[in-house]
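A quick write-up on the structure given underneath.
The values are calculated or read from the model by the stated rules, or taken from the named source; none is laboratory data. Please read these numbers as outputs of a predicted model, since none were measured by experiment. With ideal geometry, Cβ positions are generated from the backbone for all residues, glycine too; neighbour counts draw on all protein chains shown. Remember, those area values only see protein heavy atoms, side chains included, never the ligands or the DNA or RNA. Shrake-Rupley method; radii C 1.70, N 1.55, O 1.52, S 1.80 Å.
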Amino acid sequence: MPQERDGTGDEAVSSVPAAPEDPVLWDKRREELQRRLAIHRERNAAEEQRERKTGGTGQGIAEGLKLASEFAAGIIVGAAIGYFVDKLAGTTPFGLIFFLMIGFAAGIRNILRSVSPTTTSGQIRPKDDAGS
Amino acid sequence: MFVTPAFAQEEGHSETVDLPPASDAAAAHGETIHVEGEHESGFPPFNSEYYPSQLLWLAITFGVFYWLLKNVLMPRIGGILENRRDRIALDLEAAERMKSDADEAHAAYEQELTEARNRAHSIGNEARESARADAEKERKRLDADLDSKLDDAQARIAEVKSSAMGEVDQIARDVTDAILREVAQIEASQDEISGAVGRARG
Amino acid sequence: MEYDPTDPIHQFQISSIVPIKIGSWDFSFTNSALFMVLTVAVTAAFLYYTTRGRGLVPSRAQSVTELTYEFTANMLRDAAGTAGMRFFPFVFAIFLFVLVANLFGMIPFFFTVTSHLIVTFALAMLVMTVVVVYGLMKHGLHFFHLFVPSGVPGILMPLVVLIEVVSFLSRPVSLSVRLFANMLAGHITLKVFAGFIVSLSAFGFVGVIGSILPLLMVIALTALEFLVAALQAYVFAVLTCMYLNDALHPGH
């Protein structure tokens, strides 16, 4: 029993003299340790949970910022493709008109993709309606 | 690069698609005209004179940057973070282990304490038992001793008494003889005296 | 050199420092190239210098490095999962390059590398090239399932595929144009308002009083521009992560 008393003395602040109430203090210190360890365990688990979870406020801001340019980019690309198709095939202005339509649809598609995180078949319909 | 196969399909399908609203086309035209307008103005970001230079230097700097990050800097940072994570995990583990050690020691201590207490208890009981047994034995021995001594004494008393009694007869007879002889001047035979004494004693 | 201090366009002017010509191509070392080199050098030096102590308990500067590192790692893991972590150096390089280039642009008299469309477009095309090449290498032709959503009636399929292709092609455009336009517009706005201050101050006392408003605007815009610089770098990196996710898992 004296060894154990020494052991605890090394571990924590050993301001406690070997008094008759030592076992009580010892118990108290053990409980304190247990409490702190439990807190750490909890915090670690929470951290892991948080890391596993996706999404944050930053993501939301980014989503909002990119919507407009996503839409515009679709139209720009559509226009560019149409322009070159017209130039190559001499179909002015039908290529431009058609690809602008496609670009418009693609822009909406971009937005829909941005709004919903996963691309599922459910989002195909509204985009189709918008395209034709 | 993926457009080319699509072009062929598009040609076949362009008739099936509804014609676009005029507003769209106009908006698109505005878009393209706007872009072209910027081209003409010699606006620096659209000045293609320095495109090759920018691309080349971007490739060089970004390539070097990527190489540095991948081979020097990120292993370094990653190492530090890994190191810290390991260290914290180890420390926590050590704390847990110490805690369980302490718990074990505490339990052992408690157990030892109860054991010792039990042992002390049993030793005490035993000692008390044996002491009581010893005392009992001693008492019995003494009792027996005393009894035998008492018996002896009584036997001796009886002996003494009987011998004393026998002597009393002789004394009485002697005394009677003497009295008769000295006082009454009567010579009596020993038999008469014995008879008289026996009668007197009744 | 002579230039009008209120000209909002002048700051984007590229000038050759060390002329290098190979054939008919001009590969001169320009002020743009100089700031690319500076961006890379300063970033690398910062990362290297702050981690020199390898402190178990990080110093303040080391914390900055570590937080950026972990922030990017989390961003990539969120968007592309654990399999995406192989692109971590790439995403980290893109993020840091764009971020530091944007922030460098906020320092007076510094050239903003990302305010030139060709630079942002090159970066975006680099991302797209990585996506396509890796996607084709890993999934082969299955990669093209990215353009073929499931549950579409057969007759609409060519149209839908066409739309998907255009949508895919619009990615580098939107990626590069967004960054470029934000940086360009921000700097022009700042310069225009700053120019107001200068030209208003020229009108004596009333002008000086009147220039207080644009001054306040410039201060507010500067703060906003810092936010935009960081946010655009973040958006660029997040989208890079998302596109990489497509390369890793095409055709959900």
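A few notes on this one:
- Taking every protein chain into account, the 1.4 Å probe leaves B:D101 with about 80 Å² of accessible area, to the nearest ten.
- For region C:25-172, the per residue solvent-accessible surface stands at 39 Å², with DNA, RNA and ligands left out and a 1.4 Å probe.
- FRET efficiency estimate (nearest 0.05) - Cβ-Cβ, A:K87 to C:V64, R0 60 angstrom: 0.75
- For a modelled paramagnetic label at C:V133, 7 Å from Cα along Cα-to-Cβ, the residues of region C:66-97 in reach, with backbone nitrogen under 17 Å, are C:86-94.
- Accessible surface of C:F193 - all protein chains present, 1.4 Å probe, nearest 10 Å²: 50 Å²
- Over chain C, Cα pairs under 8 Å with separation of 6+ residues give a relative contact order of 28 percent.
- Solvent-accessible area of B:Y50, all protein chains in place: 30 Å² (probe radius 1.4 Å, heavy atoms, ligands and nucleic acids excluded).
- Between C:Y48 and B:I88, the FRET efficiency from the beta-carbon distance, with R0 = 22 Å, is close to 0.35.
- HN-Hα J in Hz across region C:86-99 - Karplus 6.51, -1.76, 1.60, θ = phi - 60°, x for Gly and Pro: 5, 8, 4, x, 5, 5, 5, 5, 4, 4, 5, 4, 5, 4
- Here the Gaussian network model covers chain C, with springs between Cα atoms less than 10 Å apart; of C:V206, C:V235, C:V177, C:V206 fluctuates the most.
- In plain terms, if you count all Cα to Cα distances in region B:155-201 and split them into 10 Å steps from zero, the share in each step is 27, 44, 20, 8, 1 percent.
- Inter-chain Cβ neighbour count for C:171-182, averaged per residue, equals 5 (cutoff 10 Å, partner chain atoms only).
- Across region C:117-126, rounded Karplus estimates of 3J(HN,Hα) from the backbone phi angles (6.51 cos²θ - 1.76 cosθ + 1.60, θ = phi - 60°) give 4, 5, 5, 5, 5, 4, 4, 5, 5, 4 Hz, Gly and Pro being marked x.
- Measuring r between the beta carbons of C:W25 and B:F43 and using R0 = 25 Å, the FRET efficiency lands at 0.70.
- Spin-label model distance (nm) - C:F109 vs A:L25, 7 Å beyond Cα toward Cβ: 6.7 nm
- Cα shape, region C:177-230, gyration tensor, a/c 1.5 rule: prolate
- A simple spin-label model places the labels of B:R117 and B:L146 4.3 nm from each other, with each point 7 Å out along Cα-to-Cβ.
- Amide H to amide H distances under 5 Å link C:F29 with C:I17, C:V18, C:I20, where only residues 5 or more positions off or on other chains count and H is placed in the peptide plane.
- Distance (nanometres) between label positions extended 7 Å along Cα→Cβ at B:V160 and B:E138: 3.2 nm
- Peptide B:96-109 has a mean shielding of 4, counted as Cβ atoms of other protein chains within 10 Å of each residue's Cβ.
- Using a Gaussian network model of chain C in which every pair of alpha carbons under 10 angstrom is joined by a spring, one finds that among C:A93, C:A41, C:A202 the greatest mean-square fluctuation is at C:A202.
- Proximal lysines to C:K21, defined as alpha-carbon separation beneath 28 angstrom and excluding residues fewer than eight positions away on the same chain: none
- Three-way shape call for region C:1-150 based on the alpha-carbon gyration tensor, with the a/c threshold at 1.5: oblate
- The convex hull built on the alpha-carbon positions of region C:10-248 has an orientation-averaged projected area of 19.7 nm².
- Interface area, chains B and C: about 4700 Å² of buried accessible surface, summed, with a 1.4 Å probe and ligands, DNA and RNA left out.
- Table column - 3J(HN,Hα) (Hz), region B:97-102, Karplus curve with 6.51, -1.76, 1.60, x for Gly and Pro: 5, 4, 4, 5, 4, 4
- Largest mean-square fluctuation among C:Y49, C:Y69, C:Y234, in a Gaussian network model of chain C whose springs join Cα atoms under 10 Å apart, belongs to C:Y49.
- Ranking by accessible area, most exposed first, for B:E110, B:E159 with a 1.4 Å probe: B:E159, B:E110
- Inter-chain Cβ neighbour count for C:23-33, averaged per residue, equals 4 (cutoff 10 Å, partner chain atoms only).
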